[in-house]
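Take a look at the structure set out below.
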Amino acid sequence: MNKLKRIQARARELAQSGQFHGWSPIAFELRFEDGFEEGREWLYTATTRDELDRLCQAARASKNEAA
């Protein structure tokens with residue numbers, strides 16, 4: 001798996017964890033990951049922001065329903 005794919009997978013994994021409120025904290029967290037530089041352009045696009053925000057919202061809603 002190349003570094004871009006690894007960052008994409010990690011971003012989605014973090015978003016689906018229910019521990020993040022949106023794209024921005026995930027981007028901050030990923031700054032410390034190997035491959036961040038390769039994934040920076042992808043991470044900062046509007047479509048990626050929207051996708052990660054939606055994943056975070058769905059994961060948090062699911063987590064709240066389970067509680």
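Observations
- In sequence order, the stretch 13-27 has phi-based couplings of 4, 5, 4, 7, 6, x, 9, 10, 8, x, 4, 4, x, 5, 4 Hz under the Karplus curve 6.51 cos²θ - 1.76 cosθ + 1.60, θ = phi - 60°, and Gly or Pro positions carry x.
- Trypsin sites (Lys or Arg not before Pro) restricted to the stretch 1-64 and DSSP loop, no more than 13 other C-beta within 10 Å: Arg31
- Distance (nanometres) between label positions extended 7 Å along Cα→Cβ at Met1 and Phe32: 1.9
- Taken one residue at a time, the phi angles of the stretch 4-12 give Karplus couplings (6.51, -1.76, 1.60, θ = phi - 60°) of 4, 4, 5, 5, 4, 5, 5, 4, 5 Hz. Gly and Pro are set to x.
- Restricting the stretch 9-67 to chymotrypsin sites (Phe, Trp or Tyr not before Pro) in coil, as DSSP defines it, with at most 13 other Cβ within 10 Å: Phe32, Tyr44
- About its Cα centre, the chain has a charge dipole of approximately 100 debye under the convention of +1 per Lys or Arg Cβ and -1 per Asp or Glu Cβ, with nothing else charged.
- Distance between the pseudo-spin-label points of Arg12 and Trp42 (7 Å out from Cα toward the beta carbon): 0.9 nm.
- Approximate shape of the chain as ellipsoid semi-axes (Cα gyration tensor, √5λ), whole Å, largest first: 22, 11, 9
- Note on Glu51 and Ser24: the extension gain reaches 8.5 nm, defined as 0.36 nm multiplied by sequence separation minus the Cα-Cα distance.
Only the coordinates and a few stated rules stand behind these numbers; no lab work does. If you're wondering where the values come from, they're calculated on a predicted model, not measured in any experiment. FYI the Cβ positions are ideal-geometry reconstructions off the backbone, even for glycines, and counts take in every protein chain you see.
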